[in-house]
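The values are calculated or read from the model by the stated rules, or taken from the named source; none is laboratory data. All figures in this text were calculated on a predicted structure; none of them were measured in a lab. Every residue, glycine among them, receives a Cβ derived from its backbone with ideal geometry; neighbour counts consider all protein chains shown. What goes into the accessible areas is simple: the full protein's heavy atoms, side chains included, and nothing from ligands, DNA or RNA. Shrake-Rupley method; radii C 1.70, N 1.55, O 1.52, S 1.80 Å.
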Amino acid sequence: MQQHPVNPLPKGPVDPDVDLRIDGRAGRAHDPLVLGAIAAGGAIGASARYLIGLGWPTPTGGFPISTLIINVVGCGLIGILMVLVSDLFTRQRLLRPFLGTGVLGGFTTFSTYAVDIQRLVTAGHAANALLYLTVTVAGALLAVWATVSATRALITWRTR
């Protein structure tokens with residue numbers, strides 16, 4: 001019985017800057033330009049998140065609204081960015097590492113989200129923790145969906 005080779009390539013859409021037939025992990029992992037772009041962007045994003053946290057701190061046992069807003073807004077911006085880099089700015093090699101992985105990866109803070117949930121539960125505010133858990137995930141998904149849809153619609157409208 002003859003075995004047929006399995007096609008490892010996905011059938012759905014793939015980021016246009018990724019050729020799945022080439023294992024580029026070794027080359028990318030040590031590209032100082034990409035790593036520098038990510039590091040610079042991460043410093044900017046994390047600094048912005050830190051400053052928002054300083055300006056709008058969450059009181060002990062309080063609902064972490066600043067982290068919720070950071071994560072929902074950040075996810076919405078990631079939605080916009082992914083449409084732009086996949087549809088318009090396809091040849092900008094450092095745009096996604098700088099803005100996506102760096103700035104927005106440093107800005108959004110799902111590790112703080114997890115710690116906030118733990119703190120709320122530990123402080124006896126399980127209902128707030130559950131609300132925060134649910135609203136953050138729903139808000140982040142809705143933000144990505146809305147911004148991707150709106151950005152694609154705007155691009156389509158502008159190119160007519």
Open item on the list: For the list (1) buried (at least 17 other Cβ atoms within 10 Å of the Cβ); (2) within 15 Å of residue 46 (Cβ to Cβ), I need the number of the one condition that residue 111 fails.
Closed with: (1)
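Matching residues to (1) modelled with pLDDT of 95 or more; (2) assigned to a helix (DSSP H, G or I):
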site: 76; (1), (2): yes, yes
site: 86; (1), (2): no, yes
site: 90; (1), (2): no, no
site: 96; (1), (2): no, yes
site: 99; (1), (2): yes, yes
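Anything in region 53-74 that is assigned to a helix (DSSP H, G or I) and either open to solvent by 60 Å² or more (accessible area, probe 1.4 Å) or in contact with a Phe, Trp or Tyr (Cβ under 9 Å, 6 or more places away or on another chain) (or both)? List them, or say none. Spell out the reasoning first.
Here is the first cut: in region 53-74, the residues assigned to a helix (DSSP H, G or I) are 53-55, 65-74.
Matches in region 53-74: 54, 55, 65, 66, 67, 68, 69, 70, 71, 73, 74.
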TODO: Check off (1) without any contact (Cβ under 8 Å) to a residue 60 or more places away in the chain; (2) open to solvent by less than 90 Å² (accessible area, probe 1.4 Å); (3) not β-branched (Val, Ile, Thr) for residue 143 and give me the number that stays unchecked.
DONE: (1)
Open item on the list: Being modelled with pLDDT of 90 or more, out of contact with any His (no Cβ under 8 Å at 6 or more places or on another chain) and assigned to a helix (DSSP H, G or I): is that true of residue 46 here?
Closed with: yes
- [ ] Give me the pairs, please: first residue somewhere in region 26-41 and under 10 Å from residue 94 (Cα atoms), second residue anywhere and open to solvent by 50 Å² or more (accessible area, probe 1.4 Å) and at pLDDT 90 or above, beta-carbon distance under 8 Å, and either six or more positions apart or on two chains.
- [x] 33/94; 34/94; 37/94; 37/98; 38/98; 38/101
- [ ] Check 156, 122 and return the single one that is without any contact (Cβ under 8 Å) to a residue 60 or more places away in the chain, closer than 26 Å to residue 62 by Cα and open to solvent by 50 Å² or more (accessible area, probe 1.4 Å).
- [x] 122
Task: Qualifying positions in region 125-135 - farther than 23 Å from residue 75 by Cβ and surrounded by 12 or more Cβ atoms within 10 Å (Cβ to Cβ) - done: 125, 126
